[in-house]
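Following: one structure in structure tokens, then a few remarks.
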Amino acid sequence: MKKFISDFGRYILMIKGMFSMPENFKMYWKEFMHQCSDIGIGSLGIVAIISVFMGAVSAVQTAYQLVSPLIPKSTIAQIVRDTVILEFAPTLVSIVLAGVVGSKIASELGNMRVSEQIDALEIMGINTKAYLIGPKILASMVVIPMLVVIAAVLGIYGGRLAGTAAGILSASTYDKGLLEGFLPYNAVFCMVKAYTFAFIISSISSFFGYYVTGGSLEIGRSSTKAVVVSCILILFADYLLSALLL
Amino acid sequence: MIELKNISKGFENVQVINDVSSVMKPGQCNLIIGSSGSGKTVLMKCMVGLFLPDAGEVLYDGHDFIKMNDEEKKEIRTQIGMLFQGSALFDSLTVEQNVMFPLEMFTKWNYKKKLERVNEVLERVELKGTNKKFPSEVSGGMKKRVGIARAVVLNPKYLFCDEPNSGLDPLTSMIIDKLIMEITKEFKITTIVNTHDMNSVMEMGDSILYMHQGEKEWEGNNKEIIFSKNDKLNDFIFASEFLKDAKDMRMLEETGKIPNERDMSELTHKDADPLIDPD
Ligand SMILES: Nc1ncnc2c1ncn2[C@@H]1O[C@H](COP(=O)(O)OP(=O)(O)OP(=O)(O)O)[C@@H](O)[C@H]1O
Ligand SMILES: [Mg+2]
């Protein structure tokens with residue numbers, strides 16, 4: 001418990017320490033762009049794969065559960081759309097990204113800490129929290145919501161593919177269903193989640209990487225911890241946001 | 001000028017540095033020597049603020065570094081160059097980018113001028129032609145030299161070198177020592193060097209601080225060191241038989257007799273041990 005409180009305090013101080021005037025704006029921009037491409041391009045493939053499949057699975061399973069002939073087939077499309085937007089795209093993708101991006105951030109920073117690269121930057125008079133962590137968090141906040149949007153689109157498309165391939169419903173029925181009863185608020189909610197989770201993933205894994213002490217063994221340990229803690233916090237925040245905003 | 005006043009530092013009830021005071025003057029090489037684990041690295045890290053001492057003051061030209069706010073610390077740090085014991089190169093950047101990094105961060109020069117400066121310092125550490133290699137692709141000694149190049153590229157006012165020549169062959173090690181001495185004199189840098197290499201001690205010891213188990217045991221220069229009467233220091237510097245013989249020879253030359261009973265016949269046919277690195 002004491003450890004938790006002191007860790008939480010350090011986390012807050014880390015976030016606070018990030019806010020300072022950049023020593024050289026151009027170098028920060030370069031680092032930011034570098035992180036964007038690292039985080040975004042690096043995880044595009046996995047995000048694409050899981051979102052097509054989660055859309056497909058939810059279409060097939062919804063069809064399986066809707067046995068009543070009274071419900072029109074287009075409802076399947078509606079349900080797929082809403083579950084993908086509300087839950088699957090932001091939460092599932094973020095959980096996967098916590099693994100992909102989180103462990104990358106934590107081990108990168110951990111390695112820099114252990115091999116004294118962070119100290120070397122600090123000695124040069126660079127605010128390492130601002131220079132190393134700031135661009136990572138910012139880049140995540142820009143790129144992860146984009147990935148979530150892509151995931152939502154691909155997920156819905158995956159549902160369409162699976163639905164038509166299995167002969168459950170025709171493409172035109174599916175498209176018609178997509179337009180029925182669409183609440184724009186759901187999309188807003190999805191983006192709120194995406195931004196929240198992006199912040200959780202990047203800041204938590206930065207924290208665990210930045211404050212590694214010891215050797216290479218600890219780098220592995222702390223990146224595992226970063227992923228586990230990010231996942232738990234994502235699920236917790238997911239519940240909290242749903243309770244508050246829905 | 002850097003002054004240390006009663007620095008103490010411990011980690012979880014182990015006292016590592018105990019009440020060390022000293023003055024590091026500009027334009028000369030200030031050596032901190034001592035065996036492995038004597039606290040040289042910790043002392044150096046206290047001086048640059050990577051460790052917060054438990055007690056004492058670190059004065060940069062009279063201003064207490066520990067009490068400075070972040071902005072003032074940054075100001076001092078842009079004037080500091082430091083070589084870490086493990087080189088601490090950025091491993092996502094090439095040799096050239098590593099050395100160029102401080103220039104990119106703190107100067108507004110154009111690319112051509114930066115590259116010129118980088119090549120200039122790389123040449124001084126004899127690393128021409130490795131520009132495009134990554135740190136993982138160069139040898140340990142080369143990393144050290146890249147580290148030195150990065151430390152001096154901005155012409156620092158204070159230069160800290162943590163074992164600049166451990167892991168280097170005698171010749172390169174001498175070139176590095178010479179380089180550090182030259183730029184120290186040339187730019188009136190306050191240079192602090194951690195070492196346990198006796199060649200460097202004799203070569204560049206304008207001022208020497210001998211640490212033993214975290215305490216300042218002896219202070220002086222390279223002229224005084226071999227005549228010192230401090231037993232612990234003598235054990236440290238004359239750890240190798242070769243140096244002991246050298247001392248005896250010198251004594252013989254100067255006073256006509258050897259301090260201890262060993263006679264010359266023993267001296268002449270004994271094999272000279274190579275210098276053993278205490279690490
Ligand atoms: N971060 C740390 N936490 C706990 N103890 C430490 C830490 N850093 C150093 N020490 C301890 O401080 C003592 C001095 O270490 P230091 O690295 O200063 O030695 P050194 O004189 O530089 O040795 P070497 O010549 O091998 O580099 C050692 O006993 C070491 O165990
Ligand atoms: Mg050391």
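The values are calculated or read from the model by the stated rules, or taken from the named source; none is laboratory data. Since we're looking at a predicted model, the values are computed, not measured. So basically every Cβ, Gly included, is an ideal-geometry build from the backbone, and we count neighbours across all protein chains shown. Heavy atoms of the whole protein, side chains included, go into the accessibility calculation; ligands, DNA and RNA do not. Shrake-Rupley method; radii C 1.70, N 1.55, O 1.52, S 1.80 Å.
Entry remark, the range B:152-167: residues being away from ligand 1 (no atom under 16 Å from the Cβ) and closer than 19 Å to B:Lys40 by Cα number 2 in total. Checking A:Asp119, A:Asp175 one by one, the residue that is of a type in the set (Asp, Glu), open to solvent by less than 40 Å² (accessible area, probe 1.4 Å) and not in a loop (DSSP other than H, G, I, E, B) is A:Asp119 and no other.
Yes or no: A:Met21 closer than 26 Å to B:Lys108 by Cβ and open to solvent by less than 30 Å² (accessible area, probe 1.4 Å)? Judged against the criteria, A:Met21 is not a match. Pairing each residue of the range B:30-51 that is within 14 Å of another protein chain (Cβ to nearest Cβ) with any residue that is within 10 Å of ligand 2 (Cβ to nearest atom) and open to solvent by 20 Å² or more (accessible area, probe 1.4 Å), provided the two are 6+ apart or on different chains, yields C-beta distances under 8 Å for B:Thr41/B:Gln85; B:Phe51/B:Val42; B:Phe51/B:Lys45. For the range B:74-104, the tally of residues that are part of a helix (DSSP H, G or I) and either within 16 Å of ligand 1 (Cβ to nearest atom) or touching a Leu at 6+ places or on another chain (Cβ under 9 Å) (or both) stands at 8. Condition check for B:Gly27 on (1) more than 27 Å from B:Gly220 (Cβ to Cβ); (2) in contact (Cβ under 8 Å) with a residue 12 or more places away in the chain; (3) more than 14 Å from chain A (Cβ to nearest Cβ): one failure, at (1). B:Phe106 meets each of the listed conditions (1) open to solvent by 30 Å² or more (accessible area, probe 1.4 Å); (2) under 30 Å from B:Gly34 (Cβ atoms); (3) in contact with a Ser or Thr (Cβ under 9 Å, 6 or more places away or on another chain) apart from (2).
Residues in the range B:11-61 that are open to solvent by 20 Å² or more (accessible area, probe 1.4 Å) and within 9 Å of ligand 1 (Cβ to nearest atom): B:Phe11, B:Glu12, B:Val14, B:Val16, B:Ser35, B:Ser36, B:Gly37, B:Thr41, B:Val42, B:Lys45, B:Phe51. Within the range B:77-109, the set of residues being of a type in the set (D, E, K, R) and more than 8 Å from every other protein chain (Cβ to nearest Cβ) comprises B:Glu96, B:Lys108. Within the set A:Leu147, A:Leu70, A:Leu154, A:Leu132, the sole residue that is of a type outside the set (Ser, Thr, Tyr), part of a helix (DSSP H, G or I) and open to solvent by 10 Å² or more (accessible area, probe 1.4 Å) turns out to be A:Leu154. Return the residues of the range A:87-105 that are within 26 Å of A:Tyr131 (Cβ to Cβ), of a type in the set (A, V, I, L, M) and open to solvent by less than 40 Å² (accessible area, probe 1.4 Å); say none if nothing qualifies. Selection gives A:Leu97, A:Ala98, A:Val101, A:Ile105.
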